[in-house]
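Colleague: Can you keep this structure in mind? I'll have questions shortly.
The values are calculated or read from the model by the stated rules, or taken from the named source; none is laboratory data. This structure is a prediction, so every number in the text was calculated from the model and none was measured. Don't worry about glycine lacking a Cβ; one is built from the backbone with ideal geometry, like all the others, and counts go over all protein chains shown.
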Amino acid sequence: MGRPRKPSFEDKYLEIKAALDKRAYLWNLKAKPDWSWEDFGQICLLHIYKKWHLYNYMKPLAPWVNKIIYTQFSNFLRNQLRFVSPCTRCPLYHGGACLFTSSKVPSRECSFFSKWQDSHQSGFNITLPVSTENHQLEINSVPHEQIDYVSSKKQLEVELKKRLSPFHWKIYDWCFIKELPEEQVVKKMGFKKEVGRSDCKQIRDAVFVIKNISKKILDEGIVDL
């Protein structure tokens, strides 16, 4: 008699979901009201699905699933609470009032809050979900940069024509404007019908010169970008 077939993730989904639901009591994150146990459960389910190939189906499923749940929960706490204010875990903070400071408001009187302001508040503000309805000024004040490529290309070509030799300008016109294949450019330059390696190298060297001159023009800020 052979070994039994390994069950799929779908076969064990209900058992895995039941193990997750049993651990719902772990969830007590008032500091992250935008997250729920169901959200965390989806993270666990996805992780278990990705790691299903590591499950030894000859052993009980529950211990393996529980280990993943606790590991993911520890990682979640570390990642999500890294920037949260220390007030959320302080016994002297009740109902939005701080019993430690004289103003009853969290301030630099508290060394923990002061340290958090200096090192983590900016990160906390970034992760904080806000309504766009009340922050139109910040959204609309973000500069929108749009490059006029047609105008910039014309400026570049005017400057290139001043600096390139007639030979190099022909190469630019054929390679970059008309986008002709290399073999056709070699023939237009009057070389032999049979395209030789030295002829192709001459064209490539010319293209290299054109690119360097173009880069120099862009670095000088002559072209509007």
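Condition check ((1) in contact with a helix residue (DSSP H, G or I) (Cβ under 8 Å, 6 or more places away or on another chain); (2) farther than 30 Å from Lys6 by Cα; (3) not in a helix (DSSP H, G or I)) across all residues:
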| site | (1), (2), (3) |
| --- | --- |
| Gln42 | no, no, no |
| Ala62 | yes, no, no |
| Pro106 | yes, yes, yes |
| Glu109 | no, yes, yes |
| Phe112 | yes, yes, no |
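Colleague: Still on this structure: Please find, among Glu159, Glu138, Glu133, the residue that is surrounded by 10 or more Cβ atoms within 10 Å (Cβ to Cβ), at pLDDT below 75 and assigned to a helix (DSSP H, G or I).
Modeller: Glu138
Colleague: Let me ask another. Are any of the residues in the range 16-23 in a loop (DSSP other than H, G, I, E, B), over 31 Å from the mean Cα position of the chain (by Cα) and at pLDDT 80 or above?
Modeller: Taking every residue of the range 16-23 in turn, at least one turns out to be in a loop (DSSP other than H, G, I, E, B), over 31 Å from the mean Cα position of the chain (by Cα) and at pLDDT 80 or above.
Colleague: Here's something else I'd like to know. Taking the residues in the range 169-225 that are closer than 19 Å to Lys154 by Cβ and among the small types (Gly, Ala, Ser) as candidates, determine which candidate is modelled with the highest pLDDT.
Modeller: Filtering first and then ranking leaves Ser214.
Colleague: Answer yes or no: is there a residue in the range 99-106 that is surrounded by fewer than 12 Cβ atoms within 10 Å (Cβ to Cβ), of a type in the set (Gly, Ala, Ser) and assigned by TED's automatic domain parsing to the domain that holds Ser122.
Modeller: Scanning the range 99-106, I find at least one residue that is surrounded by fewer than 12 Cβ atoms within 10 Å (Cβ to Cβ), of a type in the set (Gly, Ala, Ser) and assigned by TED's automatic domain parsing to the domain that holds Ser122, so the answer is yes.
Listed here are the residues, each with its yes/no results for (1) exposed (fewer than 11 other Cβ atoms within 10 Å of the Cβ); (2) modelled with pLDDT of 75 or more; (3) more than 23 Å from the chain's Cα centre (by Cα); (4) closer than 30 Å to Lys215 by Cα.
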{"position": "Pro91", "(1), (2), (3), (4)": "yes, yes, yes, no"}
{"position": "Gly96", "(1), (2), (3), (4)": "yes, yes, yes, no"}
{"position": "Ser111", "(1), (2), (3), (4)": "yes, yes, yes, no"}
{"position": "Lys115", "(1), (2), (3), (4)": "no, yes, yes, no"}
{"position": "Val142", "(1), (2), (3), (4)": "yes, no, no, yes"}
{"position": "Glu145", "(1), (2), (3), (4)": "yes, no, no, yes"}
{"position": "Ser151", "(1), (2), (3), (4)": "no, yes, yes, yes"}
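Colleague: State the number of residues belonging to the range 68-82 that are of a type outside the set (D, E, K, R) and outside any helix (DSSP H, G or I).
Modeller: So the answer is 1.
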